[in-house]
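See below for the structure under consideration.
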Amino acid sequence: MNCTTNNPAAKRFMRRNLITLLLYALSLAFSISVFLHFHPTGVLAYLLAVLPAIPLTGLLAIFGLYLAEEKDEFQRSIGVQSMLWSIGGTLAVTNIWGFLESFVHLRHLNPILDAVIFWIFMGISLPFLLRRYR
Amino acid sequence: MKNRLRVLRAERDWSQADLAQRLEVSRQSVNAVETGKFDPSLPLAFKLARLFETTIEEIFSDEN
């Protein structure tokens, strides 16, 4: 998974990630387009609204799959540590933002951004953790 | 945990990358184990012992 590894599990992770991100972009464009032009209602509206969330959730499953397939236990450990930092970071940011929203009426943070915040923390923590073991 | 990996490698004139290749792990993994920053699992410790034709106790020792 990390940029210094070229093992099969890491390559599969990168390939799956790219495909899923492409699916996310396509599903998001599709949902936006349908909502703009056809104004769906009822069950269809719910399904279309949820559609882009499916590949985003899939990214987490792909990361889980990477951890299951990675044979290098050290790389696996780095992946797990990075995920824990990301979960903690996302919870901390959204928690702090939530209180700021409640008390000082800061702009509402759309929960869609939780996934973005999580992956930003993954991107930051991974090279930081690898530096420790260089 | 202390280990003699650096010495054992040097005796065979292996780089960290050479050892990593033989263990089928990344060079960073070898470095992390060698510098004592990462304790290997029992399967990896046994693999190291087999590779260096010695026992786990000969490679790793408790710091206490």
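The values are calculated or read from the model by the stated rules, or taken from the named source; none is laboratory data. Bear in mind that the values here come from a model prediction, so they are computed numbers and not experimental data. Here Cβ is always computed from backbone atoms with ideal geometry, including for glycine, and neighbour counts include all displayed protein chains. For accessibility, only protein heavy atoms count, side chains too; no ligands or nucleic acids. Shrake-Rupley method; radii C 1.70, N 1.55, O 1.52, S 1.80 Å.
The table below lists the values:
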{"quantity": "In segment A:48-75, residue farthest from the other protein chains (Cβ to nearest Cβ) [restricted to those that are surrounded by 15 or more Cβ atoms within 10 Å (Cβ to Cβ) and over 26 Å from B:Ala32 (Cβ atoms)]", "calculated": "A:Leu48"}
{"quantity": "Counted residues, segment B:16-31 - those being open to solvent by 50 Å² or more (accessible area, probe 1.4 Å) and not in a helix (DSSP H, G or I)", "calculated": "1"}
{"quantity": "Number of the condition not met by A:Phe121 [criteria: (1) open to solvent by less than 100 Å² (accessible area, probe 1.4 Å); (2) farther than 24 Å from A:Thr20 by Cα; (3) more than 14 Å from chain B (Cβ to nearest Cβ); (4) of a type in the set (A, V, I, L, M, F, W, C)]", "calculated": "(2)"}
{"quantity": "B:Leu44 being within 12 Å of chain A (Cβ to nearest Cβ), open to solvent by less than 80 Å² (accessible area, probe 1.4 Å) and touching a residue at least 12 places away in the same chain (Cβ under 8 Å)", "calculated": "yes"}
{"quantity": "Subset of segment A:85-113 (residues that are surrounded by 11 or more Cβ atoms within 10 Å (Cβ to Cβ), of a type in the set (A, V, I, L, M, F, W, C) and within 22 Å of the chain's Cα centre (by Cα))", "calculated": "A:Trp85, A:Ile87, A:Leu91, A:Ala92, A:Val93, A:Ile96, A:Trp97, A:Leu109, A:Leu113"}
